[in-house]
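Colleague: Just dropping this structure here.
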């Protein structure tokens with residue numbers, strides 16, 4: 001064997017080993033340029049903004065999301081005219097998502113605090129349903145803070161949603 005062959009073989013072997021060691025979940029800190037929040041995404045996210053209608057309130061919502069093995073990790077953020085409508089929007093988002101997958105809610109918890117402009121209402125949901133005839137899971141955190149509201153979700157096939165990865169994503173969300 002020549003030295004050139006051995007060098008090339010070593011380079012190819014190193015590349016294969018590095019590729020084999022690359023993590024499926026490549027967590028990265030993300031600070032939204034559109035809304036005051038930070039979150040850790042498991043891959044490089046993409047963003048888009050579109051108008052949505054939540055029970056008659058039309059607002060632009062920015063969605064930022066990353067996909068791993070068919071599971072979508074996403075944050076939606078928007079602003080309502082006032083805190084009361086932001087809280088109503090949170091409920092409307094939950095109802096729409098759960099209805100879209102004909103979900104059975106397995107766990108739901110809510111919390112709230114009222115201090116004028118800084119009022120906060122949040123709900124965490126874990127549900128299973130079906131999309132295109134296949135089982136689907138939705139784990140989400142829905143929050144209104146003052147006039148801003150957020151939808152933080154992981155949705156996909158249950159086997160593509162390891163609980164520790166879901167918890168890392170949802171737990172990393174921090175409105176600022």
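Colleague: Within the stretch 71-89, is there a residue that is in a loop (DSSP other than H, G, I, E, B), crowded, with 20+ Cβ neighbours inside 10 Å, in contact with a helix residue (DSSP H, G or I) (Cβ under 6 Å, 6 or more places away or on another chain) and in contact (Cβ under 8 Å) with a residue 40 or more places away in the chain? Let's see the steps before the verdict.
Modeller: Going residue by residue through the stretch 71-89, those that are in a loop (DSSP other than H, G, I, E, B) are 80-82.
Subset that is crowded, with 20+ Cβ neighbours inside 10 Å: 80.
Then drop every residue that is not in contact with a helix residue (DSSP H, G or I) (Cβ under 6 Å, 6 or more places away or on another chain), which leaves 80.
The next check asks that each one be in contact (Cβ under 8 Å) with a residue 40 or more places away in the chain; those that pass are 80.
Within the stretch 71-89 (the criterion being in a loop (DSSP other than H, G, I, E, B), crowded, with 20+ Cβ neighbours inside 10 Å, in contact with a helix residue (DSSP H, G or I) (Cβ under 6 Å, 6 or more places away or on another chain) and in contact (Cβ under 8 Å) with a residue 40 or more places away in the chain), the answer is yes, since at least one residue qualifies.
Colleague: Moving to a separate point now. Could you tell me which residue of the stretch 59-70 is surrounded by the fewest Cβ atoms within 10 Å (Cβ to Cβ), considering only residues that are in a strand (DSSP E or B) and in contact with a strand residue (DSSP E or B) (Cβ under 6 Å, 6 or more places away or on another chain)? Show your work before the answer.
Modeller: Within the stretch 59-70, the subset in a strand (DSSP E or B) is 59-68.
Pick out the ones that are also in contact with a strand residue (DSSP E or B) (Cβ under 6 Å, 6 or more places away or on another chain) and you get 59-66.
Values: 59: 16, 60: 12, 61: 21, 62: 16, 63: 19, 64: 22, 65: 17, 66: 20.
Going through the qualifying residues, I end up with 60.
Colleague: Let me ask you something else. Among the residues in the stretch 110-129, are any within 22 Å of residue 57 (Cα to Cα) and within 17 Å of the chain's Cα centre (by Cα)?
Modeller: yes
Colleague: Let me ask something additional. Show the residue pairs that are 6+ apart or on different chains and have beta-carbon atoms under 6 Å apart, the first residue being within the stretch 55-70 and at positive phi, the second being assigned to a strand (DSSP E or B) and crowded, with 16+ Cβ neighbours inside 10 Å.
Modeller: 70/156
Colleague: Also, quick follow-up: Considering the stretch 33-53 alone, what residues qualify as being in a strand (DSSP E or B), free of Cβ contacts under 8 Å to residues at least 40 places away in the same chain and over 12 Å from the mean Cα position of the chain (by Cα)?
Modeller: The initial filter retains those residues of the stretch 33-53 that are in a strand (DSSP E or B), namely 37-41, 46-53.
If we keep only those that are free of Cβ contacts under 8 Å to residues at least 40 places away in the same chain as well, we get 46-53.
The answer is 48, 49, 50, 51, 52, 53.
Colleague: Step by step: first the residues of the stretch 129-150, then only those that are touching a strand residue (DSSP E or B) at 6+ places or on another chain (Cβ under 8 Å) and surrounded by fewer than 16 Cβ atoms within 10 Å (Cβ to Cβ), then the one that is farthest from residue 94 (Cα to Cα). Which residue is that?
Modeller: Applying the filter and picking the extreme gives 135.
Colleague: Test residue 98 against the stated conditions and say whether it is closer than 19 Å to residue 143 by Cβ, at pLDDT below 90 and surrounded by 16 or more Cβ atoms within 10 Å (Cβ to Cβ).
Modeller: Working: closer than 19 Å to residue 143 by Cβ: yes; at pLDDT below 90: no; surrounded by 16 or more Cβ atoms within 10 Å (Cβ to Cβ): yes.
Taking the combined requirement at face value, the residue does not satisfy it.
The values are calculated or read from the model by the stated rules, or taken from the named source; none is laboratory data. Bear in mind the structure is a predicted one, so any value in this text is a computation, not a measurement. All Cβ positions, glycine included, derive from the backbone under ideal geometry; neighbour counts span all protein chains shown.
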